Amino acid sequence: MTAKYYADKALLKLGVRSLPITADDIQVYMEADGWKFVSYDINNPASLELMESLGAIKTAKQHRGFSYVSDDLKLVCYRECLSAEQRTRLFAHEFGHEEMGHVSPVGIAGYVADGLCNEPQEAEANEFAVHLIAPACVLKRALIFSKIEIACETLLDKSARDQAFANVRTHRKLTHEEKQIVKQFRPYIWEKLSWIKRCCIGIGTLLLVYLIFSAFGLINKTPQSTPVEQPKITDSAVTESTLNNKADMVVITQSGDKYHTPGCRYVKNKTNIIEISVGQAEEMGKTPCLSLIHISEPTRLGMISY
């Protein structure tokens, strides 16, 4: 937590407003604070002479770089072969030593002797570097959550990227310093969220177009009243649904085994008809006449008894 606190303070000092934070960003700030930066090659005699004067030959050979502090000199030494990403991580690490006030009996920050490091100080400087290069409060608000996105935005190596990913996942409430950092990075955050704004605008536009076309479609497709041809009702067109109630009245003949609707052609002009309900007719064993069960073929009168 101490390393994170100092890293947040350092971000505000650097004044950077976007990611990735580069080695040049850190170098410019540290040079303004009196630091000097020197690259070296362990195979170059001149470089070895410099390392020997600092009492750091073993450290220079074992590590990618280091920082040296004396009463009149503040120096960051780094190998010439380092990539931009490696220099950024190294400079952030050495910047952490400076910001957290690490001291060394041999003048080499994070070391107790030439080539022998102070483990707690080195761990703190490493943690500082991750928080500085990949501030969780900024990444989370820019919706940068995956390890691949973090690598692209911060240029961290795998081990540091895993730590930054864990920091983003566990980050919760903003501290006072983090609120200032988020405000400082607001242009960057809004730029990263611009795709969301574009999606919202696109969806809103499509919805508006859909509503407009739907409104016009409803107007154009309003059904116009057209005369509906009513079916011509005939005696033979009466269906069983007409007599769906047992209380409906039908007529029978004294000798027939069928019941008919009033006006049925089979009982037309007959005088021996009796009017009863459907229920009564069915109790008497009567069944519907052919006109009630949709028989369209000519009825053979000889098959019907009345």
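The values are calculated or read from the model by the stated rules, or taken from the named source; none is laboratory data. What you see is a predicted model; the values in this text were computed from it and never measured. Here the Cβ positions follow ideal geometry from the backbone for every residue, glycine too, while neighbour counts run over all protein chains shown. Ligands, DNA and RNA are excluded from the accessible area calculation, which covers all protein heavy atoms including side chains. Shrake-Rupley method; radii C 1.70, N 1.55, O 1.52, S 1.80 Å.
Things to note:
- Number of the condition not met by S70 [criteria: (1) surrounded by 18 or more Cβ atoms within 10 Å (Cβ to Cβ); (2) free of Cβ contacts under 8 Å to residues at least 60 places away in the same chain]: (1)
- Top-ranked residue of region 99-149 - restricted to ones that are on the phi > 0 side of the Ramachandran plot and out of contact with any strand residue (DSSP E or B) (no Cβ under 7 Å at 6 or more places or on another chain), ranked as surrounded by the fewest Cβ atoms within 10 Å (Cβ to Cβ): G101
- Scanning region 34-43 for residues that are open to solvent by 60 Å² or more (accessible area, probe 1.4 Å) and modelled with pLDDT of 95 or more turns up just one, K36.
- The selection criterion, being modelled with pLDDT of 95 or more and either in contact with a Ser or Thr (Cβ under 9 Å, 6 or more places away or on another chain) or on the phi < 0 side of the Ramachandran plot (or both), does not hold for K61.
- Enumeration of residues in region 80-109 that are closer than 22 Å to A46 by Cβ, among the charged types (D, E, K, R) and out of contact with any helix residue (DSSP H, G or I) (no Cβ under 8 Å at 6 or more places or on another chain): E80
- Across region 152-167, a minimum of one residue is classified as hydrophobic (A, V, I, L, M, F, W, C), under 21 Å from T22 (Cβ atoms) and touching a Pro at 6+ places or on another chain (Cβ under 6 Å).
- Looking across region 28-85, the residues that are charged (D, E, K, R) and more than 26 Å from G15 (Cβ to Cβ) come down to D41, E49, E52, K58, K61, R64, D71, D72, R79, E80.
- Selection count where residues are in a helix (DSSP H, G or I), in contact (Cβ under 8 Å) with a residue 24 or more places away in the chain, closer than 19 Å to S83 by Cβ and among the aliphatic types (A, V, I, L, M), scope region 133-189: 3
- Members of region 34-69 found to be within 19 Å of R87 (Cα to Cα) and of a type in the set (D, E), listed by number: D41
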